[in-house]
Amino acid sequence: MSSSPNLRTNHGRQGALDALVLVVPAIPFALVFGLTVRESGLAVWLGWSSSPIMFSGAAQITLITLIGEGASLAAAASAALVVGARHLFYSFSMAPVMQRQPRWFRWVAPYMLIDQVFALCAGKRDLPPADFRHYYLAAGMTFWSFWMLFTALGLFVGPVIPTNMDISFATPVLFMGLLVTAIDGWQKALVAAFAMLVTLALVDMPSRSGLLIAVVAGIALGLLIDRVRRLW
Amino acid sequence: MVMLTIILMGVGSYVMRAIFILALSDKTFPPMALRALEYVAPAVMASLVMTMLVAPAEGSLPAMREVAGLATAAAVALLTRNHIYVLTTAMAVYWGLGYLNL
């Protein structure tokens, strides 16, 4: 009886609480998305439908903004796909821990695998499978409910949101906290620092594609360090 | 047509998130892949943090108070491992420097 029902409930509750802390600074972003839909000239229900269908903040904003600016649908879709391509890394990173999960969860979990859920759950990979699943589902569903509600609210209150969005800085702050607690050893610290520098150097590349190169460069540096250490 | 594009994008988003989870569900990972996996989370999260700070349009360096806020977040996370402390101290530094117009 290593995982009593009581302990399981706690992992679910913990996942929801951790997600809530990340939800608050994302509120301006969700409202801005609603505003983007209004300015695009699309029917509001049509623009909002991308929230449940795609569930992907930055890629949704890219898609709707470009459509609103009159870009071709193919161009808007390809830019949004490039913005969303970092999810390939999340999928790869989560693959081993998902092997210990039931089949239904492997099909459901990817739908919720957004930045915040990945950041929270990457540090929970050592939990027993059932606890990991409850944590993941609670975090994912909390964020999903919030995104559906606030992107809809943004359709109507969008024009009155304050321009001062200082609260949004809490998102990189919390991601930085999650990053630091995920680092065990100087190799990973170097990898993270290198990925940041490469991102900064490539910031002008279109559709955030610099991020993809930075991640590959970071992983390559990590593998190189491993190789050099084994030679010594 | 826009509806169709959104649906196709939904399929695309799901496929990108699902592909390795589903395709590798019964594969044994070679040691090299397992080591690479270890570096995915730090590399992506570091890159995301930077992406959130610098927008291509508005100059390519983060503001002083953003750097100070993030450095505080990193230091407090390292010392306390408590995300509430991270949030409160880093936001205090960020807002405080903003108040002083730095």
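Go through the range A:9-22 and give me each residue that's surrounded by 20 or more Cβ atoms within 10 Å (Cβ to Cβ) and modelled with pLDDT under 90. Correct list: A:L22 only. Here A:V97, A:V37 are screened, and the one residue that is of a type in the set (A, V, I, L, M, F, W, C), in contact (Cβ under 8 Å) with a residue 24 or more places away in the chain and farther than 15 Å from A:F132 by Cα is A:V37.
Taken over the range B:81-102, the criterion of being at the interface with another protein chain (Cβ under 8 Å from one of its Cβ atoms) and buried (at least 17 other Cβ atoms within 10 Å of the Cβ) is satisfied by B:H83, B:V86, B:L87, B:A90, B:M91, B:Y94.
Residue-level check: of (1) surrounded by fewer than 16 Cβ atoms within 10 Å (Cβ to Cβ); (2) under 20 Å from the mean Cα position of the chain (by Cα); (3) basic (K, R), B:R17 misses just (1).
Residues that are over 19 Å from A:E39 (Cβ atoms) and free of Cβ contacts under 8 Å to residues at least 24 places away in the same chain were ranked within the range A:49-76; the one that is farthest from the other protein chains (Cβ to nearest Cβ) is A:A74. For the range B:40-60, indicate whether the set of residues that are within 7 Å of chain A (Cβ to nearest Cβ), touching a helix residue (DSSP H, G or I) at 6+ places or on another chain (Cβ under 8 Å) and in a loop (DSSP other than H, G, I, E, B) is non-empty. Checked the range B:40-60: at least one residue is within 7 Å of chain A (Cβ to nearest Cβ), touching a helix residue (DSSP H, G or I) at 6+ places or on another chain (Cβ under 8 Å) and in a loop (DSSP other than H, G, I, E, B). Helices (runs of 4 or more DSSP H) fully within the range A:76-141 that include at least 1 residues being closer than 19 Å to A:M176 by Cα: A:87-98, A:115-122. You will find that of B:L37, B:L78, the residue that is buried (at least 16 other Cβ atoms within 10 Å of the Cβ) and in a helix (DSSP H, G or I) is B:L37 and no other.
The values are calculated or read from the model by the stated rules, or taken from the named source; none is laboratory data. Computed from a prediction, not measured in an experiment: that's the story for all the values here. Backbone-built Cβ (ideal geometry, glycine too); neighbour counts: all protein chains shown.
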